[in-house]
Amino acid sequence: MRNSDQSPRDYLHPTRECDLVMKGGATSGVVYPPAVLGLAPDYRFRSIGGTSAGAIAAATTAAAEYGRECGGFDHLEQVSRELAEPNMILNLFQPSAKTRPLMDTLFTLAESWEQAPNSRGPRLARDLTRALWKNTPRFCIAGGAVGVGGSMLLTFITGGSVNIGSLAVAVVAGWLGGVAAGMYKLSNVLFGDLPNQSYFGICTGLQSAESSDAPVLTNWLSATINRLAGLDVHGPPLTFAQLVTKKQTMGQPNIELRMIAANLNQSRPYVLPFKTRTFLFKEAEMRDFFPGSVVDAMVQYSHEHACAHFSLDDLPGYHWLPVGDALPVIVATRMSLSFPLLISAIPLYTIKRSALTCAHVDKLALTEDDLQCNWFSDGGICSNFPIHFFDSWFPTRPTFGINLVSAPEQAFRERAVWEEPDQKTQVFLADYQSITDADHPQIGGYDLYGESHAEVRPVYLPRADDPVFPVWQEMNGMLPFIKSLFATAQNYRDTLQSQLLSYRDRIVQVRFEPHEGGLNLAMQAETITNIQQKGATASAKIHHYFKFDHHQWNRLLVLLALMERQFKDLQETIDEIGWENLEALFERQRQQMEPTEEQTHFPFQRDDERWIAETKRRIQALYDLIYQMKDLALLEETPPPPEPVLRITPEI
């Protein structure tokens, strides 16, 4: 995509650096290439992260940054244009012959739901009937025949006659029989074919004999990543190691790439690439998901890096998954974007605990009975917008976030109502994004949005001191209720994090109407172009309104407030328990190195004299420093809203 005057962009001389985190959103991801291209001439991307569709954007951005000097971002412009071609996105998601009826029916119903909000019941019944007859004709014909035949037989048995009433009943029975038979067929696909033959997904993402000649998701993405990086599209895949070592090989800063995938068997997220050798893969299964060059590279790595503690000689076809930076980027990306039901989950294997009890053996020979399957699905299940990636207390470069937010269509049409009783401004907002500066340009003496006076805001980058309002979603039925339950569980942590001071001023929000993005695979070219324009607008707003010195000031305020609060808590705790009791705690853990019948040993004990003495000295120095502060409540009692907290949490 070119800029407004169609002049070529200069991607070779960026003067600044940034990190970038992008949210998942299925087809909404077409917003990302124009946003990235808008930032690339000025910013070099150092750390990039995302989930689901955001993982695709993160991978392609990292690959383009790796290949910046050989036209990486010029190739990304071509990718952006490809995505706007008719049916390009739809063709990426190719189901198998067995799962296609389920996919076509579900998307017909989804389209019907979005297009007729005021007459959903009758329209859904009509469209369901059409979809079932189109996608499962033999079952519907058989079910319809059974329904009509059964109705007529019942009429004959009960001594009735053939008349208009009995014929009407027969028609209704035939319709119900056809629908029931079609639903039975789809239920067999959903509960039989998907888990047993399609890895819990309608689409595996890989080109197959049943696929059309159009590019399919994983093949297209694998080739695109290599092309952006300046590598052979048919050769070995780009790895995280190549991104990390760019500094040594090309004289440029290294590139950090992170994604999230959800391990459904362990009910937890994992950050990719994995840091430790934990998982194995089955070669035959991986060839159902990835091109041969990718699987070959994974197998070769496993042969070259055998595990010293476990033997796979009795497990033909199983290999250790490349660990750390050796993992191909396409593998991590595909694991993160496994949208539930639509795209197949990825199976990896861990060693059972019962086998690990034999670890005292010099080299344990594993068998299939020693393995347990772990299904990896979409990372957005756990964290759809991992804005916590690359966070630091006081950053040297900004971490921008692009947050994709769905909103009802009327949110872009409604206007705010302003009243000023007693000289005090009160704001009543149907949706805080819909205000224009022409309605009321200022509150409290500053520009509310810092943008054009005539613009409705489908793209919004707030100032740190702008008012923060939650995005309201309408809920007018059971399906929206269930959808909101899932969305709340999925996004509440990311949503709250995004509203904090030192976060919200670097997160640009891109608002989507119901027909834009999401699972709308068959979007019109005009719709895709509009979404891409929002991406270009997002980068423009970062350029025009983000001030890094303002952001550093916000981070400093938050940091000082949290540090003062923690220091104060430490001081009060030591005063309460007494310094002598704190020293006694060190001595007790030291004395109980050997457990007795009365006492068990302390966990993680330390018997190092030097360590104990130095730790006591540091606690004492910190305690003295706290007392030297004349006013501990300088910032802690009045932190900028919303109030932050500092918690100890495990790293994902």
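A few comments on the model shown:
- Cβ crowding within 10 Å averaged over residues, with 516-526, 63-73, 304-314, 189-199 ranked highest first: 63-73, 516-526, 189-199, 304-314
- Extension gain for the segment residue 307 to residue 613, taken as residue separation times 0.36 nm less the Cα-Cα distance, is 106.2 nm to one decimal.
- Remark: segment 275-413 carries a charge dipole of roughly 520 debye about the Cα centre, counting +1 on each Lys and Arg Cβ and -1 on each Asp and Glu Cβ.
- In this calculation the C-beta distance from residue 566 to residue 397 is compared with R0 = 30 Å, giving a FRET efficiency of 0.70.
- Label-to-label distance, residue 547 versus residue 233, with points set 7 angstrom from Cα along the beta-carbon direction: 4.6 nm.
- Taken along the Cα-to-beta-carbon direction at a fixed 7 Å, the label points for residue 323 and residue 585 span 3.5 nm.
- Relative protection proxy for 319-330, 218-229, 22-33, 566-577, from highest mean packing down: 22-33, 218-229, 319-330, 566-577 (other beta-carbon atoms within 10 angstrom).
- Here the 3J(HN,Hα) profile of segment 369-379, calculated from phi with Karplus coefficients 6.51, -1.76 and 1.60 at θ = phi - 60°, is 5, 8, 9, 9, 7, 10, 8, 9, 10, 3, x Hz, Gly and Pro shown as x.
- Per-residue ³J(HN,Hα) for segment 472-482, Karplus 6.51 cos²θ - 1.76 cosθ + 1.60, θ = phi - 60°, Hz, x for Gly and Pro: 8, 10, 6, 9, 10, x, 5, 5, x, 5, 5
- Close amide-amide hydrogen proximity is noted between residue 239 and 329, each under 5 Å apart and 5 or more residues distant or on a separate chain (H modeled in the peptide plane; Pro and chain starts excluded).
- Modelled FRET efficiency - R0 56 Å, residue 499 with residue 314, Cβ distances, 0.05 increments: 0.55
- Listed by chain and number, the lysines whose alpha-carbon sits under 19 Å from that of residue 363, ignoring those within fewer than 8 places in the same chain, are 352.
Rule-based calculations on the coordinates, nothing more; no lab input. Keep in mind the model is a prediction, meaning the values are calculated, not measured. Cβ: placed from backbone, ideal geometry, glycine included. Neighbour counts: every protein chain shown.
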